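The values are calculated or read from the model by the stated rules, or taken from the named source; none is laboratory data. This one's a predicted model, so the numbers in the text were calculated from it and none came from an experiment. In this analysis, Cβ positions are derived from the backbone assuming ideal geometry, glycine residues included, and neighbour counts consider all displayed protein chains.
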Amino acid sequence: MLVGRFLATVLVSTIVVFLLLRVMPGDPAAVALGIQATPEQLEAWRETNGLNTPLSAQYLEWVGGLLRGDFGTSFLSRQNITATVTDRLQVTLILVVAAMLIALIVAIPLGTIAAVRQRRLSGVLVSGVSQVGVAVPNFLVGALLIALFSIRLGWFPSGGWAAPSEGAEFLRHLILPAVALGSVQASILTRYVRSAVLEIMREDFLRTARSKGLTAARALVRHGLRNAGIPILTVVGVQLAGLLVGAVVIERVFSIPGLGSYLVDSVGNRDLLAVQAVVVVLVIAIVLINFVIDLAFTLLDPRIRRAA
């Protein structure tokens, strides 16, 4: 059932993406040839690039290319879109995974502390700071990090990218954008971890574990966190999707050659095939994340596994 739903969602997504981009204002032929092009030249360009055929034929040709891993050729640069998307997707995925790891490393312990010490100063402080962090946009965090650690202290570069094979230089380019992208997500996740742990702490099975001699901390670690992981996992899936979208802004702030930057440039240039390719890759990635989260539920919750 999950696989069928995944495939159906991807199919519907490709149709929606294709149709929406076809109703966007602007003429790719005019963008490619310039305002001096004659109507005959524009018509010839559309004929050469297959834009005069029926929409159904264009869609089938595009989907056929997707199934073969061929996104086509850019209308403007005439470069292979598949190679460009593949290279840029690697950069975006590295940035998103790093940001998600930062968010998890920060949010899980802080959210747990905020729940366990909810009536103490430390718990109140964590809750207050996380609430403020939710209201701060990613691009503002990025600008502040650049001003402090790049311009004033000179510890990290203010932009650009380095390949993972470059080791230390790669980490220097990765740290600031990953922190900027993951900081707001860490604040949001901290709030959800706190709520999930508070709910678990009121459950009868946790009180039973404590009555058998376990301390509150050991009972929570041994029996509580796994049960709290299910709602947290749901939020993580949503946040991963949000990180993919949020990476568009961060890549522009730090001049990172990722998928988001490519999408913005392609939209500005009215490069229809490139925009289609990037959007459908992002949609499939988000659908795939939800699919993996659904599978992970069956591993964490025996009740879901038995029902399946």
How many residues does segment 113-130 contain that are closer than 15 Å to Ser187 by Cβ and surrounded by 13 or more Cβ atoms within 10 Å (Cβ to Cβ)?
7
Any residue at all in segment 146-162 that's surrounded by 19 or more Cβ atoms within 10 Å (Cβ to Cβ) and under 26 Å from Leu288 (Cβ atoms)?
yes
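Under the condition of being β-branched (Val, Ile, Thr) and surrounded by 20 or more Cβ atoms within 10 Å (Cβ to Cβ), which residue from segment 253-274 is nearest to Ile15 (Cα to Cα)?
Ile256
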Only one residue in Ile113, Ile94, Ile108 is assigned to a helix (DSSP H, G or I), in the same structural domain as Ala241 (by TED's automatic domain parsing) and without any contact (Cβ under 8 Å) to a residue 24 or more places away in the chain, so which one is that?
Ile113
Residue check for Leu76: under 30 Å from Arg270 (Cβ atoms) and in contact (Cβ under 8 Å) with a residue 12 or more places away in the chain
yes
I'm trying to understand the selection: among the residues of segment 228-243, which are surrounded by fewer than 21 Cβ atoms within 10 Å (Cβ to Cβ), within 8 Å of the chain's Cα centre (by Cα) and farther than 17 Å from Leu140 by Cβ?
Ala241
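Listed here are the residues, each with its yes/no results for (1) acidic (Asp, Glu); (2) at pLDDT below 80; (3) under 26 Å from the mean Cα position of the chain (by Cα); (4) surrounded by 13 or more Cβ atoms within 10 Å (Cβ to Cβ).
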| site | (1), (2), (3), (4) |
| --- | --- |
| Leu20 | no, yes, yes, no |
| Gly26 | no, yes, no, no |
| Ala29 | no, yes, no, yes |
| Leu42 | no, yes, no, yes |
Checking Phe71 against (1) modelled with pLDDT of 80 or more; (2) hydrophobic (A, V, I, L, M, F, W, C); (3) in a helix (DSSP H, G or I), which test does it fail?
(3)
